[in-house]
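The values are calculated or read from the model by the stated rules, or taken from the named source; none is laboratory data. Owing to the predicted nature of the structure, the values given are computational and were not obtained by experimental measurement. Note that we place each Cβ from the backbone using ideal geometry, even for glycine, and neighbour counts take in every protein chain shown. Accessible surface is based on the protein model in full, side chains and every heavy atom, while ligands, DNA and RNA are left aside. Shrake-Rupley method; radii C 1.70, N 1.55, O 1.52, S 1.80 Å.
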Amino acid sequence: MTIGTLLVTASPHRDEALGNRLARQIASRMGGDMVVRDLAAEPLAPLTMDYARALTLRDPLPRSNATLGLSERLIEELEFTDRLIIATPMHNFGMPAALKLWVDYVLRIHRTFAPAPQGKVGLLADRPTLVIVSSGGFHRTGESKQPNFLTPHLESVLNTLGIRAPEFVYLEGLVGRRSAPETMIAEAVAVLGDAW
Ligand SMILES: Cc1cc2nc3c(=O)[nH]c(=O)nc-3n(C[C@H](O)[C@H](O)[C@H](O)COP(=O)(O)O)c2cc1C
């Protein structure tokens, strides 16, 4: 089984989120099927002690363990997709908690990355990956008065999985929006690379 596009989304605004609208528009242009992992609509369960012990102490876990099983399912979604799109809001200068929990399920030592003397080595095959970041305010322009920890953090996570060159696109200033949604989407599409 392969997936054309896996859309991982974490906005509490769900289908009304501009980032989700943009992601769906891009995915439908790509063709192929789309699987949506909506982390706001279906939140993941918190990590359990036996899962944490398995990762840190290498305590063996039975394959029937629910947390391990969920981790496997989420990783397999990544493994089987041709393209990955992550549509995420910025929450308090970083990624929302729902997306961070997904990271803690998929970035798993000895499964999706291996420790090595030169640093962590990704074990997943590389694939085109787009991250759409929506924010109420600005973080790139002269008028920005806030840091952006989301991009460097998520970029490092994706690199550590084996995704070498994720592309980031930004929808900024969504609170008290000055432009029409269609204009913002068109501006974001205009700066996308050839893969999209
Ligand atoms: C808990 C919370 C924290 C937020 N933190 C930030 C922030 O640090 N910087 C910012 O520019 N906007 C922040 N916002 C505003 C969202 O980024 C904004 O509503 C954006 O439109 C969300 O995108 P979405 O429509 O895809 O959910 C925050 C919103 C919430 C609910």
ask   = If you put +1 on each Lys and Arg Cβ and -1 on each Asp and Glu Cβ, how big is the dipole of the stretch 99-140 around its Cα centre, in Debye rounded to 20?
value = 20 debye
request  = Using a 10 angstrom cutoff on alpha carbons, build the Gaussian network for the chain and name the most mobile of Glu76, Glu172, Glu182.
outcome  = Glu182
inquiry  = From Cα pairs below 8 angstrom and at least 6 apart in sequence, can you work out the relative contact order of the stretch 53-109, rounded to a whole percent?
reply    = 36 percent
ask   = So, with +1 on the Cβ of K and R and -1 on the Cβ of D and E, and no other charges, what is the size of the charge dipole of the chain about its Cα centre, to the nearest 20 debye?
value = 320 debye
remark   = Counting Lys and Arg as +1 and Asp and Glu as -1 over every other residue whose Cβ sits under 12 Å from the Cβ of Ala188, the net charge comes to -3
key: Simple spin-label estimate for Ala195 and Glu16 in nanometres, 7 Å along Cα-Cβ   = 3.2 nm
query = DSSP beta bridges in the chain, what fraction antiparallel, as a percent rounded to 5?
reply = 10 percent
request  = Express the accessible area of the stretch 1-123 per residue in Å², computed with a 1.4 Å probe while the remaining protein chains stay in the model.
outcome  = 52 Å²
ask   = For the stretch 99-140, with equal point scatterers placed on the C-alpha atoms only and solvent neglected, what are the log10 I(q)/I(0) values from the Debye formula at q = 0.13 1/Å, to two decimals?
value = -0.46
ask   = Carbon and sulfur atoms: what percent of the 1.4 Å accessible area of the stretch 3-190 do they account for?
value = 54 percent
task = Using θ = phi - 60° and the Karplus relation 6.51 cos²θ - 1.76 cosθ + 1.60, list the HN-Hα couplings for the stretch 184-196 in order, rounded to whole Hz, with x at every Gly or Pro.
result = 5, 5, 4, 5, 5, 4, 5, 9, 5, x, 4, 5, 10
R0 of 22 Å, Cβ-Cβ distance Asp50-His110: FRET efficiency to nearest 0.05 = 0.85
task = Please calculate how many Å² of accessible area the stretch 139-195 carries per residue, with a 1.4 Å probe and no DNA, RNA or ligand atoms counted.
result = 57 Å²
request  = Normalising by the residue count of the chain, find the relative contact order in percent from Cα pairs under 8 Å and 6+ residues apart.
outcome  = 22 percent
Furthest towards positive pole of dipole, Val157, Gly142, Pro117, structure part the chain, Cβ charges = Pro117
ask   = More than 19 Å apart: what percent of Cα pairs in the stretch 139-196 qualify?
value = 46 percent
request  = Calculate one ³J(HN,Hα) per residue across the stretch 53-61 by plugging θ = phi - 60° into the Karplus curve 6.51 cos²θ - 1.76 cosθ + 1.60, and present them in order as whole Hz with x for glycine and proline.
outcome  = 5, 5, 6, 8, 10, 6, 4, x, 10
request  = Provide the net charge surrounding Leu84, with neighbours chosen by a C-beta distance below 15 Å and charges set as Lys +1, Arg +1, Asp -1, Glu -1.
outcome  = -4
key: Whole-Å semi-axes of the chain's equivalent ellipsoid (Cα gyration tensor)   = 30, 18, 16
